[in-house]
1. Filter the stretch 99-114 down to the residues that are touching a strand residue (DSSP E or B) at 6+ places or on another chain (Cβ under 6 Å) and among the hydroxyl-bearing types (Ser, Thr, Tyr) and list them by number.
2. Of all residues in the stretch 110-140 being under 32 Å from the mean Cα position of the chain (by Cα) and charged (D, E, K, R), which is farthest from Gly163 (Cα to Cα)?
3. Within the stretch 297-311, take every residue that is in contact with an Asp or Glu (Cβ under 9 Å, 6 or more places away or on another chain) and assigned to a helix (DSSP H, G or I) and give me the one that is surrounded by the fewest Cβ atoms within 10 Å (Cβ to Cβ).
4. Keeping to the stretch 244-274, report how many residues are within 19 Å of Arg361 (Cβ to Cβ) and surrounded by fewer than 17 Cβ atoms within 10 Å (Cβ to Cβ).
5. If the Cβ limit is 6 Å and pairs must be 6+ apart or interchain, which residue in the stretch 280-306 that is within 16 Å of Lys364 (Cα to Cα) pairs with which residue that is surrounded by 16 or more Cβ atoms within 10 Å (Cβ to Cβ) and of a type in the set (Asp, Glu)?
6. Say we look at the stretch 155-178 and pick out the residues that are free of Cβ contacts under 8 Å to residues at least 60 places away in the same chain and part of a helix (DSSP H, G or I); which of these is farthest from Asn134 (Cα to Cα)?
7. Out of everything in the stretch 312-357 that is basic (Lys, Arg) and under 39 Å from the mean Cα position of the chain (by Cα), what residue ends up being surrounded by the fewest Cβ atoms within 10 Å (Cβ to Cβ)?
Amino acid sequence: MEDHFVGPDGLIRRSHPRPRPPAATGDGAEGAAPWAQRDAQTGRDEAASSPVDPIGHGWMNDVLRASRVLIVDDEESNLVVLEAILEDAGYDNVLCCSDATQTFDLYASFQPDVIMLDLHMSRMDGLGVLEGLNAVSGGDYLPVLIITGDSSQEARERALMAGARDFVAKPFTNNELLLRIKNLLETRQLYLTVRKQNQFLEDRIAQRAQELEDAKVEIIERLAKAAEFRDDETGKHTGRVGNLCARIGESLELPEAQIDLMRQAAPLHDVGKIGIPDRILQKPDRLSIDEFEIMKRHTAIGSSLLSGSVSRTLRLAQRIALTHHERWDGTGYEGIVGENIPLSGRIAAVADVYDALVHRRPYKEAWPADQALAEIEGQAGVQFDPAVVRAFLDLPEIIDLR
């Protein structure tokens with residue numbers, strides 16, 4: 001083992017490139033592990049004399065040869081021989097470890113595709129390693145091949161029950177070892193291929209679901225804009241209300257996901273106006289009692305348009321459309337009182353009224369910002385939720401206007 005040394009980390013390292021070992025002259029050849037089986041007549045390694053190609057020929061060759069193999073054994077001579085067998089067979093990524101307690105750190109850093117594990121070791125036995133691997137692998141399929149001189153039925157059963165995928169008892173032939181490694185790696189690669197394909201399908205499903213969600217929202221938003229153009233010359237009221245609702249949500253310290261939903265859903269608050277006649281929407285004077293009753297229907301119309309959806313955005317939009325004209329004192333369209341009004345409706349009520357006040361409408365000119373803010377503040381506890389009004393007035397952009 002002149003060309004190997006044990007580092008302070010317990011890993012077996014090569015001091016210079018390892019030449020191909022010469023054929024042994026007998027079972028007791030110096031440097032050979034006692035369990036490395038030789039051909040009885042020639043004294044040569046069974047793998048060297050056999051016509052069998054343990055890796056095989058086919059499309060998986062390159063994949064298998066690039067597979068990462070971790071060997072864990074507290075006998076350094078065993079590690080050197082096992083590494084030689086694997087590298088002679090063409091495996092490029094082989095790492096040896098003589099300290100079993102380091103297996104878990106190596107699992108995370110080296111990410112092996114297969115582990116060759118001795119069963120009986122001094123600092124931690126193979127069963128302890130298997131139990132630890134089960135805990136850190138997170139359900140990942142990691143084949144472990146047990147290599148041991150203990151060929152008892154009890155040892156096999158305990159190893160297999162602990163999570164080992166295969167078992168090789170010493171002595172064994174090189175070809176047997178390589179074929180078992182090949183079989184385990186092929187299963188590992190199939191597992192990784194299936195997992196990758198499943199992830200691809202999950203991503204495609206999620207992408208398609210998002211596309212459908214976006215399409216639903218876009219259709220409704222276009223309906224909202226179509227309705228808004230009839231009583232808002234710019235057609236930007238809905239977007240401004242959505243953004244202001246999100247800002248109020250931030251001031252109230254709502255969860256980020258809820259804020260994003262508010263930003264998307266609130267622009268649909270007046271979608272029901274698509275069912276209100278132009279003669280009422282565009283009337284330049286105050287509405288009569290009968291006309292106002294017709295106008296009030298836009299909340300129910302909007303709620304009906306948006307109801308029954310599985311989309312979280314559209315379900316929230318439905319609540320906002322129905323309740324954004326409710327009043328804190330219970331004198332709103334549906335007569336809902338105080339905190340019985342959904343928070344989303346209470347937020348949208350403030351945002352909708354403020355934006356309507358400071359922009360021109362067919363029936364009114366735009367109010368100065370300070371006058372509009374005074375109106376909002378004066379309606380706290382009457383028309384609006386006082387907590388929502390405070391959150392609105394505490395916004396930096398609103399403070400600058402006062």
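1. Answer for the stretch 99-114, where residues must be touching a strand residue (DSSP E or B) at 6+ places or on another chain (Cβ under 6 Å) and among the hydroxyl-bearing types (Ser, Thr, Tyr): just Thr103.
2. Selected residue: Asp113.
3. Selected residue: Ala300.
4. Result for the stretch 244-274: 0.
5. Ile280/Glu291; Leu281/Asp231
6. Glu176
7. Here the answer is Arg312.
This table checks each residue for (1) part of a helix (DSSP H, G or I); (2) of a type in the set (Asp, Glu); (3) at pLDDT 90 or above.
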| site | (1), (2), (3) |
| --- | --- |
| Thr238 | yes, no, no |
| Asn243 | yes, no, yes |
| Gly249 | yes, no, yes |
| Glu253 | no, yes, yes |
| Ala257 | yes, no, yes |
| Ala265 | yes, no, yes |
| Ile274 | yes, no, no |
| Arg286 | no, no, no |
| Ile294 | yes, no, yes |
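The values are calculated or read from the model by the stated rules, or taken from the named source; none is laboratory data. Just so we're clear, the structure is a prediction, and the values are computed from it rather than from any experiment. Every residue, glycine as well, gets a Cβ built from its backbone with ideal geometry; the counts of neighbours run over all protein chains shown.
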